[in-house]
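Any read-out appearing in this document is the output of simple, stated calculations on the displayed coordinates, not a laboratory observation. Only a predicted model underlies this, so the values are computations on that prediction, with no experimental measurement involved.
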């Protein structure tokens with residue numbers, strides 16, 4: 001029997017999970033009143049930024065700050081006319 005529901009037209013992605021992860025996700029889905037798929041999607045949508053993303057943003061902010069400090073230092077180091 002072929003299912004022709006709208007959800008079947010959405011992107012699909014196969015994921016290999018470590019041993020026991022599927023069971024833990026299924027238990028969490030049941031406790032939250034969601035399907036396994038809905039539980040995974042909810043977790044992905046609510047995932048905070050990764051440590052790597054946070055470090056990249058912090059590095060960019062530090063570079064902007066250093067540039068601003070350098071620009072302010074250069075402006076104050078010019079002798080007045």
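A compact table of results
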{"quantity": "Between 0 and 90°, nearest 10: helix 36-45 axis offset from the chain longest Cα axis", "calculated": "10 degrees"}
{"quantity": "Chain lengthening between residue 16 and residue 38 when straightened (0.36 nm per residue, less Cα-Cα)", "calculated": "6.2 nm"}
{"quantity": "Helix-only CD estimate at 222 nm, as mean residue ellipticity for the chain, using -39500 (n - 2.57) per DSSP H run (n ≥ 4)", "calculated": "-19500 deg cm²/dmol"}
{"quantity": "C-alpha long axis of helix 21-31 to longest principal axis of the chain, angle in °", "calculated": "80 degrees"}
{"quantity": "q = 0.11 Å⁻¹, the chain: log10 I(q)/I(0) [Debye, one scatterer per Cα]", "calculated": "-0.58"}
